[in-house]
Each structure stands twice: as C-alpha cells, then as structure tokens.
1. Show me the helices (runs of 4 or more DSSP H) entirely contained within segment A:1-73 in which 2 or more residues are closer than 30 Å to A:Thr183 by Cα.
2. Does B:Val181 meet the test of being β-branched (Val, Ile, Thr) and within 14 Å of chain A (Cβ to nearest Cβ)?
3. So if I check each of B:Asp159, B:Asp124, which one is within 25 Å of B:Ala227 (Cα to Cα), modelled with pLDDT under 95, of a type in the set (Asp, Glu) and out of contact with any Asp or Glu (no Cβ under 6 Å at 6 or more places or on another chain)?
4. Name every residue in segment A:162-171 that is crowded, with 16+ Cβ neighbours inside 10 Å and either in contact with a strand residue (DSSP E or B) (Cβ under 9 Å, 6 or more places away or on another chain) or assigned to a helix (DSSP H, G or I) (or both), in order of residue number.
5. Of the residues A:Val189, A:Val159, which single one is under 18 Å from A:Val59 (Cβ atoms), in a helix (DSSP H, G or I) and without any contact (Cβ under 8 Å) to a residue 12 or more places away in the chain?
6. Consider B:Glu94 against the criteria (1) more than 30 Å from A:Pro32 (Cα to Cα); (2) of a type outside the set (Ser, Thr, Tyr); (3) under 36 Å from the mean Cα position of the chain (by Cα): it satisfies all of them except one. Which criterion is unmet?
7. I need a count of the residues in segment B:38-69 that are of a type in the set (Asp, Glu) and surrounded by 10 or more Cβ atoms within 10 Å (Cβ to Cβ).
8. Look at segment B:145-170 and say how many of its residues are assigned to a loop (DSSP other than H, G, I, E, B) and within 11 Å of chain A (Cβ to nearest Cβ).
Amino acid sequence: MSKHEKIEKNIGLMGVMVAVVISFAGIIEIAPLMSQASVVEPVPGLEPRNPLELAGQNVYVSEGCYNCHSQQVRPFVDETLRYGHYSVAGESVYDRPFQWGSKRTGPDLARVGGRYSNEWHEIHLMDPRSVVPTSNMPGYPWLADTPVDIEQTVESMKVLKMLGHPYSDDDIANAAASLTDKTQLDALVAYLQDLGTAMPRSYQ
Amino acid sequence: MSNFWHWTVIIVVIAHIVAYLWLLLATSKKKVDKREDNTTGHVWDDDLMELDNPMPRWWLWLFVLTIVFSLGYLYLYPGLGNIKGSKEWTSVDEFKTAYEANTEARNRSFAGFINKPIEELIKDENAMLIGKRIFSNNCALCHGSDAAGAVGFPNLTDDDWNWGGEFDNILTTITGGRMGVMPAFAPALGEEGTKQVAAYVRSLSGIDHDTSLAAEGEQKFGMFCAACHGPDAKGNDMFGAPNLTDDIWLHGSHEIIETALYEGLNGNMPTQKDILDENRIKLVAAYVYSLSNQ
C-alpha cells in the first residue's frame, strides 16, 4: 500500500492530519495575540463590572439578547457615524463570555451606555412597541418582578476573580448587600448603561 | 508582538511556503505506473474506477500563482511577525483616511446652508431633509417618528415648551441634554394638603375638581410650587417646569398629578454632543424648530 493510499483509506488518520495542518494557521493568527498588550490589557479607565452590572450581564446572556444584538462597532465610517468610536480589544477584557457577536437583527449595543435614559430602557424592555411602534424585539416584562440571583452573582464574581478580574475580597463580601431589592430589570439597565463608557463615545 | 512570536511567525510562514513549493514539485514529477486502461487501479462498488489523467497545466500554474501572490502580499502588507510591509498599512490608518474624506464631503455639502440664519434654514428643503433623517436615527425612538412624543417624552410639534422654544433654547437642550426633576411633595404637604393642591392644579386646566379643596390649595401652591412652576403656574424654562394651565401633560394625562406629588417625577433628555457633531446638532435643532414654526 502506498503512503497516500494509507491516509486516504484511514479516515481517523486523515482527520488528525487535517487538524494538524489547520492548527498551524490557528497558532500563527491567534496565539501571538494572547501576549499582546493592546489585546489583553484593559483600556485606561475600564473597571470590572460592579455586582449589579454583572448580574445584568448574566441576564443579558441568559435571555439571549446576543441573538439579535452585537457589541462590536467595526472600524468603518458608516458604523462610527451611527454608533460611535469603533470598539477596541482592550474594552472587552472583562467580558466573559465576550459579546462581540455578528448577528444584528437590532442595532449594535457596544456604545449604548448613556445614550438613552434609564426610563427609556425600562419602558423599552417591558414593551418595545410602546416607544418604537415597528420594533420586532420581544418584550421582557417579567424582568421587572424577578429579583436578581444574588448567590449566582457572587459566585460569578469569585470565578471571575480566579480568572484575573481585579475584584477585592471586600468587593465580593459587599456584593450581596448592594443587590438586595434589585430586580433583573434594574440589573440589565445598569449593565446597558455601562456599555462602551470607558472610551470616548464618538469618533470625531 | 514579543521577539519569540515575531520569529516563530516568520519561520512558520516561510517554512509553509517552501513546503508548498516542494510538495508541488515533488508530486508533479512523480511517475505513476501506466496501466493499459489508463486508470489508477482503484475499484469501488464493484465497477467504479478512477482515470489517471495528469492535472491540467493551467491548474498547476494557479498553485504557483498563489505562492507568488503570497510573497507579493507579504512584501507589501504586514504578515511576517512585526514587519510592517512596504506600504506600512494599518486598518486604523485606512479608517482614519476614509473618515476624514467623509467628514470633508459632509462639511462640503453642509457648507451651502449651515451658516444661514434660522428663519432661512427652515425654508431650505435639503437642510430639512437631512435634519429629519438625523431625527429619525437619533431621536425618534424617544420622541416618536412624527416627533409627537409619548408618555414621559415631550411632543416637539406643538407650542408648549418646558425648556424654551426659541432656536437657541432648542440648540442648548439638544447639545447638553436636560434633566427635569420634580421632587415628591406629599410628605411636606400631608394627605389633606396634597388633596387640596391636586384639586387646585386640576382647576388650572379646567378639569373637574372640588372647588372648596382647590381654594385651600391655591395658597399652598404659592408656597410649595410657585418657585418652579411660577406664581401663575405657567411654568419656568430654567427648571424645565411645565406649564400647568394648558391641559397638556408631559406624563400622559392629569391622572399624573397625584403620582407627581407622592412619588416625584423626572425626565432625562440625554446629552447629544458626544454623539452628534455641531453641524448635525444644528440641522436637527432646525428641523425640530421648523415643526412648530412654519
């Protein structure tokens, strides 16, 4: 049997060799980034999310908002005119899991922080069509009467601390107190209002 | 990129290109034993065979071409570790150039009308068209696509202004944003006092009310409310305190009066100066102004 035939007739072996060949590209394109400061260091002024914002991020992920919203302004003129300064890698070092996404049924949310008022977000999340009549975004009315999951949020903070987010022991100890009486809606709005605020909002 | 990765990337990339070239030459030279029927000898499914024709030449040249292309690309563009490439291209520079060109084009198209006085600006069809588009993209989700507002978000098409309806007021409102705060007064007024003031406020707009309560309320209004809403209750642009005599309600209807007194109210018009440049703010302000000044 020729060598070529050996590979051709052994699907397992072929799979392994294909994986090895492809992984070269992966190593060369991805691995160097992991040690590059502009990618792994936070931009100046970026803070890890406070407990309420973190709880909001967990709601954002569990409600699947990322199915319709990206969080990445790409460096194109039209996008920066609409959404603001393009996103840079150092802004999402505290996003685990990251929410860059690529599906835009709704607008990008990377710089939505401070753009609208809390009241507007609350009305819009409860019933989007009451402020944007043609919206096809679903309403999330239950968020207003569901309390935030305090235990889960504190656990999240502990895990993120292990992964290198600079939470102090005090931060974690005081987290539960700052979350009493907060609803998932409060948390989600706090999270949205924090998005993209570490950078100048517009590129001008 | 650290020195380690710099050299690793260079070595792996060059090694790959050399390996592809070698693979191409090695396999194209290799002679396969010719069979009489010109097949490879493989047989699948009883009678399925594979012809053993050489690859077309032009196809082979495509492989060579991709290698030549990659060398040219690596010479011009960044690809080998930290080497910038002869064009010194970066995506940020490309973006900057495109953005500057766009800004220049925008300013050129605004130049014709941006410095016109407001009364002329609102008669300029192009300016109003652009203003309307800016409004649709940035303001409609709160104020409505027809600018007629919603509960808590003011109607911008009427003559009722909480922060002033002159062009300069509107410009200031949009540029810096506004924060309307109405504190809760029920604790200070007490239950009875709250009823009285509420009745008085209803009377101002000619809504059904208890006249004797309202008469009591008038004096309390002067003490607690006139500072912001004015002694005649016609409002005050400085605090964004609405006119309470016109039966136009920022927060929906007169049903809001009790809520206003027990819980307070607030409205936040977010600042736009970080979102829109000066020219676009001026155009959208002119558009808003035009809605009630034809």
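1. Numbers: elements: A:3-8, A:11-30, A:37-40, A:51-62.
Qualifying helices (runs of 4 or more DSSP H): A:51-62.
2. Details: β-branched (Val, Ile, Thr): yes; within 14 Å of chain A (Cβ to nearest Cβ): yes.
For B:Val181, the condition - β-branched (Val, Ile, Thr) and within 14 Å of chain A (Cβ to nearest Cβ) - is met.
3. Details: B:Asp124 fails: within 25 Å of B:Ala227 (Cα to Cα).
The unique qualifying residue is B:Asp159.
4. Filtering segment A:162-171 for residues crowded, with 16+ Cβ neighbours inside 10 Å gives A:165, A:167, A:171.
Across segment A:162-171, the qualifying residue is only A:Asp171.
5. Numbers: A:Val189 fails: without any contact (Cβ under 8 Å) to a residue 12 or more places away in the chain.
Just a single option satisfies the conditions, and that option is A:Val159.
6. (1)
7. Here is the first cut: in segment B:38-69, the residues of a type in the set (Asp, Glu) are B:45-47, B:50, B:52.
Subset that is surrounded by 10 or more Cβ atoms within 10 Å (Cβ to Cβ): B:50, B:52.
The number of residues fulfilling the criteria is 2.
8. To start, the set of residues in segment B:145-170 that are assigned to a loop (DSSP other than H, G, I, E, B) comprises B:145-149, B:151-152, B:154-166.
Still in the running and within 11 Å of chain A (Cβ to nearest Cβ): B:145-146, B:149, B:151-152.
Counting residues in segment B:145-170 that are assigned to a loop (DSSP other than H, G, I, E, B) and within 11 Å of chain A (Cβ to nearest Cβ) gives 5.
The values are calculated or read from the model by the stated rules, or taken from the named source; none is laboratory data. Just so it is clear, the structure is predicted and the values come from calculations on it, not from any experiment. Here Cβ is always computed from backbone atoms with ideal geometry, including for glycine, and neighbour counts include all displayed protein chains.
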